[in-house]
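This report concerns only the one structure given below.
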Amino acid sequence: MENNGQKNDLYEAKSQKDVRAIDQVIKIAKQYQEKMEKIPIPHAHAQAPIPFTTWQELEKSMSQMYGQPLHYATHRILEDWENLRVLDSICPPKNVEAVIWGIEEMHRSCISHLELAKLWLSDPTYHAFVDPIIKCDNVESDHA
């Protein structure tokens, strides 16, 4: 169910051209979220901690290892952690994968497509991350 307050925030003081662009972003965000909701979270995790020196390196390794992308919102959190230059202070390396999958599960099942659209509208580079996922037909296959 859509939250009209969230939707109204996206349209506040926008021109007709902007409204059409926002409508398109909302439509794509809904498709993206529906696709991400269908991807199962892996239940079996790596036996040993995945070696990494940056959060973005860990994100790439996890995506490759499990054959599925992480959610855009999870990507943004890892990007923020990267910019803060925090590695071991978030959680011990042996637990980091489980923590990320917990965050991922929340993003896949709970985030509103309107909130996602709002995030995307604040990030002019979101297409680079999102477009390959939306265009990929086999992203929904069970890799768990």
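The values are calculated or read from the model by the stated rules, or taken from the named source; none is laboratory data. Small disclaimer: the values here were computed from a predicted structure and weren't measured. So basically every Cβ, Gly included, is an ideal-geometry build from the backbone, and we count neighbours across all protein chains shown.
Of the residues in region 131-141, none is at pLDDT 90 or above and surrounded by fewer than 11 Cβ atoms within 10 Å (Cβ to Cβ). Please indicate, with yes or no, whether at least one residue in region 51-62 is within 15 Å of residue 136 (Cβ to Cβ), among the β-branched types (Val, Ile, Thr) and assigned to a loop (DSSP other than H, G, I, E, B). No, the conditions are met nowhere in region 51-62. Checking the structure you have, find out if any residue of region 25-40 is free of Cβ contacts under 8 Å to residues at least 12 places away in the same chain, in a helix (DSSP H, G or I) and over 30 Å from residue 96 (Cα atoms). For region 25-40, residues free of Cβ contacts under 8 Å to residues at least 12 places away in the same chain, in a helix (DSSP H, G or I) and over 30 Å from residue 96 (Cα atoms): present. Pairs linking a residue in region 72-83 that is over 17 Å from residue 39 (Cβ atoms) to a residue that is of a type outside the set (A, V, I, L, M) and assigned to a helix (DSSP H, G or I), with Cβ atoms under 6 Å and 6 or more positions apart or on different chains, are 78/55; 78/59; 81/55; 82/55; 82/56.
In the set 89, 61, which member is over 21 Å from residue 10 (Cβ atoms), surrounded by 15 or more Cβ atoms within 10 Å (Cβ to Cβ), small (Gly, Ala, Ser) and at pLDDT below 95? Break it down into steps so the answer makes sense when it comes.
Numbers: 89 fails: surrounded by 15 or more Cβ atoms within 10 Å (Cβ to Cβ).
Of 89, 61, the one residue that is over 21 Å from residue 10 (Cβ atoms), surrounded by 15 or more Cβ atoms within 10 Å (Cβ to Cβ), small (Gly, Ala, Ser) and at pLDDT below 95 is 61.
Looking only at region 103-124, residues that are in contact (Cβ under 8 Å) with a residue 60 or more places away in the chain and in a helix (DSSP H, G or I) come to 13 in all. Between 56, 24, the distinction of being loosely packed, with under 12 Cβ neighbours inside 10 Å, of a type in the set (S, T, N, Q) and either at pLDDT 85 or above or more than 14 Å from the chain's Cα centre (by Cα) (or both) belongs to 24 only.
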